[in-house]
Amino acid sequence: MVKTSHQQAFAHPTLLLWLIVGWAGFFLLPWYGVEDSIFTFTWMTEGYPTDDDVAPAFFHALGGRKIWLLPLVAFLIGPLFALRRDKSDPLHAKILIICGALGFGWLIAQGFSIGIRGWNFQWMASLFGPLEDRQFGMGTGAMLTASAFLFMLTQGIAGRGAVNGDIFVVGAIGFVVTIVAAFVFYPILNMLASAFVTQEKTYSVTVFFEKFTDRRLWGLGCFEGGRCGAAWNSLILAILVGFLTTALGLAFALVVTRTGFRFKKVLRALTVLPIITPPFVIGLAIILLFGLSGNVTRFVADFLDISATRWVYGMPGVLIAQILAFTPIAFLVLIGVVEGVSPSMEEAAQTLRADKWQTFKTVTLPLMRPGLANAFLLGFIESMADFGNPLVLGGNFDVLSTEIFFAIVGAQYDQGRAAVLAIVLLGFTLAAFWAQRFWLGKKSYTTMTGKGDSGVHPLLPNSLAWPVFVVAGIWTLFTITIYVMIVYGSFVELWGVRNTLTFKHYVTAFSMKLTDGGIHWTGSAWDSFWTTLQIAAIAAPLTAAVGLVTAYLLTRQNFAGKNAFEFGTMLSFAIPGTVIGVSYILAFNVPPIEITGTGIILVVSFIFRNMPVGVRAGIASMSQLDKSLDESSLTLGANSWQTFLNVILPLLKPAILAALVYSFVRAMTAISAVIFLVSAEYNMATSYIIGRVENNDYGLAIAYCTTLIVVMLLAVALLQLLVGRTNIGRRLNQSRTNV
Amino acid sequence: MGRLHQSLLATAAALMVSTSMAQAAKLTFYCSAQEDWCQSMARGFEEATGIDVNMTRKSSGETFAQIKAEEANPKGDVWWGGTGDPHLQAAEEGLTEPYVSNMRGELNDWAISQATSADDKTIGIYSGALGYGFNSDLLASNNLPEPKCWKDLLKPAYKGHVQMANPNSSGTAYTTLATMVQLFGEDGGFDFMKALHKNINQYTKSGSAPIKAAGRGENTIGIVFMHDAVKQAVSGFPIKVVAPCEGTGYEIGSMSIIKGARNLDEAKKFYDWALTADAQSRALDVKAYQVPSNKGAKTSPSAPDLSSIKLIDYDFKKYGSSAERKRLLKKWDDEVSTLPQ
């Protein structure tokens, strides 16, 4: 994206670049997916370029076999005529739009029409006659050509003057919309459609209503001593978790940024702990503390001389576990926001004789609203989609996510019911999303204007500081107890039964031998460990990038369908992993996109599942940055890509860090989506751990979890070091001299 | 970090080498038994035949969901292990391939009857009887008598001490329901479930969860397959296993070849091999206490001896069909689960 201030013929470097990419994809690279990675170049030796498995599209079409690829040539040649024309020439834009749209559309249409068994639709076979040929999943060549068409189209649209003719912004919108459509909308809608499928495989609305009005879903028996429906349970739980995690997250953010609290670093590290803990461990630790035979329950029962109960199973246990697990997310979102509130506003209030409490209540708190709303939304959604904690601690408290899982894998084999439940869950999420929008309204929460932004944040008023300290203290103590127990559990023979100390679980999992040829990884866990690390390391930066670019588009640009687009980006996050897992197999096991059994499907599922956190954190931070910052950058001659890179990105470091950390960690600890996507070659740590737990190897499972926790802590520290801290304004330097 | 980086590269390189060498005969093996048993079967088959095995372990419900989702473009070849119902369901939905192995002569009758009830699309590889286990420490501290029969569990003294899985989510619990219906007749069976409901403290989601909770001291009595209870006892938890006096039902762990398998010949080889006495004796090494279907396979002394347990004549064809299952589950939902406890 070089500056195009001198408009001459051939002055379309971006267009030329994409044309070359498109041509390379069509004429040089294997069109369909090759068995090994494209980068091993083994395809070069397997009969390239004429063998069917590795041939580029051009050779397929040349041989007269796959003639349906031929029209693409026309759309690849067409843009050559646009190259010679000036950007302001309407014909330039027109050619690009026509070639891009038709090329892209044709590529998609042929991909969906012709599959591994010839025609995919009966009516096509009867219309065009039977097809002898077939095609497999698209490969590198098809992908490059498709991107070329896509960016030709966006450049054409930009050329027509959309978004001030900004090639970067239109391209970014086109790109994000396309990948979200391909990897979020397509698989999920595909899966949800099964809510309307009857046993005879025809579509019917009555089937949906029959399953929708189920008593197990909406029953209100809990007011009469019975049980309530899963929908009500989920809703109430999610609202409670949303409120409580936001409140706790805010408390910690305030303690860390606005008090003289000495052990800020410890607290910060502690808040990160639950987020990096594989899901079922917290549940197990809570059972060992509060279960029927738990230490705390026993102690209290003996002390008060009452008989111990199973009180923790049900809503109380799930609530405790979820608050423990999701508060850090609220904290990560809120800390950026709390730091971002400009001290000048607060100083102005204090100058006008407001006391600390008034300042906090009328200035600081309202300015944090976007952060609070986003934190609540994330807590709500996480609670709705959480699967591990309700499974371990739920007792008879049924929630939607576990019901969905067992509708698919349980004794009923009822995918339709799973889809109906998922639709209910999505309905709740949509409602929360709109409630959040309504609460924020159209007010401006901008505080970082780049002008006169100096000063120091005032400390918290005492009346607030003490309660916040107490809450943070209790929580810290609780977290420490849980984690001491987990580490202890990994060193004992059989947790809770034989408490002799041993290293054997670590040896079984992570032993290695030094031989002449180097290190020999003999432990049983290494395979899944390296795979997990690799996939998480690949997925994290991609997730953060996609998330932040999306946030930038949502806060800074206006385009048609923006609200629907924003909700779409939240969709994959709001749906329980099980549904995602199954929908990914249904959608991506068959051409045109055939990626099951590869590492790619894991990376892709992580990107789209965790992207929303990047989006939320990015939106919360960016709505604090004044647009005049962008404008001054643009006025000084930078284009929007440069503005994004040099102005906005550096101010977003907390959001970047949050997105990176979260996506890395989630890729290492996710379970429910992964269960369906792992394969023999790509087995993930969590699926290995679950296998061990099912086999009663608690020690081994916990030892593995402990190792993962340590590895993730190191990774988080490393990321923090790499991304660095932001100096917003001149504040930090000043506060150092002041304090 | 240098070493970490190196080893990452090394694994990456190893992955590439292993995939490019995988041109030889191979088999994609979906396994629904416990992890180490699956590993043992995969490695054993590799040693016996030299065929590369790609093994993926998932629970039987998860594997069924996966095979169904992959129907249009199957990725797996053979599915081994896991309770029989999902295998029967897969046969009913045409997801698996009929195959008659030469090994049938060496098998127990129940393994063959599993095959005939599914038009040869599946076959029995092991079986396990339903029963229950209790935590002897908790039973003693609550001054409760040791239960011996199904009907013992209905005594008011056990209120809040019994756990079973939810038949809607677990195959084990569905087997329990179907067993009671066959043991006491449909009305009697449902009366039993209704009376039991009063004593249940929780319907768990997964089938073996009740006995695991009992092992950790979170529950007193768990209704599960007996081999799951034996496993807890052998692992060192204070669990005692009970074979109910009235007689009991059982499951048949099964094996099926996936329809459209890419390596059909290798899948058949595996099928035959998995039915041999040698392959089935491998269960002993990994502490699996199910009863093997090959008459010549070795069994563990800890395993529940099926000949000493009164087994009912379980009608797998009828109670494994989806119509009967839907009917019973709906009846349980309407008449049992709604009752106050």
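None of the figures in this text is laboratory data; all of them are computed from the coordinates on show. What you are looking at is a predicted structure, and each value in this text was computed from that prediction instead of being measured. Positions of Cβ are generated from backbone atoms using ideal geometry, with glycine treated the same way; all protein chains shown enter the neighbour counts.
Given R0 = 30 Å, the distance between the Cβ atoms of residue A:134 and residue B:112 translates into a calculated FRET efficiency of 0.15. For the listed peptides A:257-268, A:533-544, A:19-30, a ranking on the average number of other beta carbons within 10 Å per residue, highest first, reads A:533-544, A:19-30, A:257-268. Once C-alpha pairs closer than 8 Å and six or more residues apart are averaged by separation and normalised to the residue number of the range B:256-341, the relative contact order reads 16 percent. Shape verdict for the range B:195-341, please, from the Cα gyration tensor: rounded (a/c under 1.5), prolate (a/b greater than b/c) or oblate. In terms of gyration-tensor shape, oblate. A viscosity of 0.890 mPa s and a temperature of 25 °C, combined with the Kirkwood radius over Cα pairs in Stokes-Einstein, give a translational diffusion coefficient for the range B:87-204 of 146 µm²/s. From the P(r) of chain A, could you give the percentage of C-alpha pairs in the tail past 36 Å? Tail fraction, whole percent: 49.
Other protein chain C-beta atoms within 10 Å of residue C-beta, averaged over B:208-219: 5. Compared with the alpha-carbon gap, the fully stretched path from residue A:73 to residue A:263 is longer by 61.9 nm at 0.36 nm per residue. Modelled this way, with points 7 Å down the Cα-to-C-beta line, the labels at residue A:513 and residue A:40 are 2.7 nm from one another.
Counting pairs of alpha carbon atoms under 8 Å apart in space and at least six apart in sequence, what relative contact order in percent does chain A give?
16
Computed over the alpha carbons of the range A:529-695, Rg followed by Dmax gives 18.0, 65 Å. Here the extension length gained between residue B:155 and residue B:191 equals 11.6 nm, from 0.36 nm per residue of separation less the Cα-Cα distance. If all Cα-Cα distances of the range A:210-342 are sorted into 5 Å bins from 0 onward, what percent lands in each bin, rounded to whole numbers? Values per bin, smallest distances first: 2, 9, 13, 14, 15, 15, 14, 9, 5, 3, 1, 0. Residues A:203, A:698, ranked from the fewest to the most other C-beta atoms within 10 Å, line up as A:203, A:698.
The overall shape of the range B:118-162 is prolate: from the C-alpha gyration tensor, with semi-axes ordered a ≥ b ≥ c, the ratio a/c is 1.5 or greater and a/b exceeds b/c. In terms of the mean number of neighbouring beta-carbon atoms within 10 Å, the peptides A:468-480, A:678-690 order highest first as A:678-690, A:468-480.
Would you tell me the mean number of C-beta atoms belonging to other protein chains that fall within 10 Å of each C-beta in A:414-424, as a whole number?
Average neighbour count from other chains, rounded to a whole number: 1.
For the range A:237-286, the share of alpha carbon pairs falling in successive 10 Å distance bins from zero is 22, 41, 32, 5 percent. Put the Cα centre of the range A:242-296 next to the Cα centre of the range A:299-336 and the gap is 10 Å. In whole percent, what relative contact order does the range A:290-403 give with Cα contacts below 8 Å and a gap of six or more residues? Relative CO of the range A:290-403 lands at 33 percent.
Taking a ≥ b ≥ c as the square roots of the Cα gyration tensor eigenvalues, the range A:400-558 comes out prolate, since a/c reaches at least 1.5 and a/b is larger than b/c. Taking each pair of different alpha-carbon atoms in the range A:1-151 once, compute 1/r for the pair, average those values, and report the inverse of that mean as the Kirkwood hydrodynamic radius in Å to one decimal. Answer for the range A:1-151: a Kirkwood hydrodynamic radius of 16.6 Å.
Binning the alpha carbon pair distances of the range B:183-225 at 10 angstrom intervals from zero yields the distribution 26, 45, 26, 3, expressed in whole percent. Measuring between their Cα centroids, the range A:384-444 and the range B:157-205 lie 28 Å from each other. Protection proxy ranking of B:27-37, A:352-362, by the mean of other Cβ atoms within 10 Å over each peptide's residues and highest first, is B:27-37, A:352-362. Potential lengthening of the chain between residue A:559 and residue A:396 amounts to 54.0 nm, from the contour at 0.36 nm per residue minus the alpha-carbon distance. Between the beta carbons of residue B:234 and residue B:46, assuming R0 = 30 Å, the FRET efficiency works out to 0.60 to the nearest 0.05. Ratio of Rg to Rh for the range B:146-251: 0.93 [Cα atoms; Kirkwood radius as inverse mean 1/r over pairs]. Shielding value for B:33-40 is 3, the average number of Cβ atoms from other chains within 10 Å of each residue's Cβ.
In terms of its Cα atoms, chain B spans 64, 53, 38 Å along the principal axes, sorted from long to short. Each of residue A:439 and residue B:285 was given a label point 7 Å from its Cα along the Cα-to-Cβ line. The distance between the two points is 5.8 nm. At a temperature of 25 °C and a viscosity of 0.890 mPa s, determine how fast the range A:353-422 diffuses translationally according to Stokes-Einstein, using the Kirkwood radius over alpha-carbon pairs as Rh; express D in µm²/s, rounded to the nearest whole number. Taking Rh from Cα pairs, D becomes 163 µm²/s. Give the Debye-formula value of log10 I(q)/I(0) at each listed q (0.13, 0.22, 0.23, 0.26 Å⁻¹), with one equal scatterer per alpha carbon of the range A:298-369, two decimals each. Per q value, in the given order, log10 I(q)/I(0) is -0.63, -0.96, -1.00, -1.08.
Placing a pseudo-label 7 Å from each Cα along the Cα-to-Cβ vector at residue A:199 and residue A:628 gives an inter-label distance of 6.9 nm. The lysines whose alpha-carbon is closer than 22 Å to the alpha-carbon of residue B:310, local same-chain residues fewer than 8 away aside, are B:148, B:151, B:231, B:240, B:295, B:298, B:318.
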